[in-house]
Amino acid sequence: MSARFLTSWPCQDACGTLKTDELVEGAPVYRCPGCDTTWIELDERTEPPHEEVPGRSGAGS
Ligand SMILES: [Zn+2]
């Protein structure tokens, strides 16, 4: 199953899974209690994805 991480520090080994009350694109947001990574399961989305335009976010570190 594919997941999309919402943070820049993806959990490498699924320390744990907590379901949060948040929704992204209709999918429940999961959180790892070990490293605070958040992600969604792509299969659980009920809304069309947001368009991702490379280079628009301005997050350069
Ligand atoms: Zn983790």
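Only the coordinates and a few stated rules stand behind these numbers; no lab work does. As the structure is a computational prediction, the values presented were derived from the model and not from experiment. So basically every Cβ, Gly included, is an ideal-geometry build from the backbone, and we count neighbours across all protein chains shown.
Net charge around Pro28, counting only other residues with Cβ within less than 13 Å of its Cβ (Lys, Arg = +1; Asp, Glu = -1)?
Around Pro28, the charge tally is -3.
Just rank Trp9, Trp39, fewest to most, by other beta-carbon atoms within 10 angstrom.
Ascending number of Cβ neighbours within 10 Å: Trp9, Trp39.
Starting from the Cα gyration tensor of region 3-44, multiply each eigenvalue by 5, take the square root, and state the resulting semi-axes largest first in whole Å.
16, 10, 8
Need the full-extension length gain, Arg4 to Glu41, defined as separation in residues times 0.36 nm minus the C-alpha distance. One decimal, nm. Intermediate values should be presented prior to the final figure.
Numbers: separation 37, 0.36 × 37 = 13.32 nm, distance 0.64 nm.
The Arg4-Glu41 span can extend by a further 12.7 nm.
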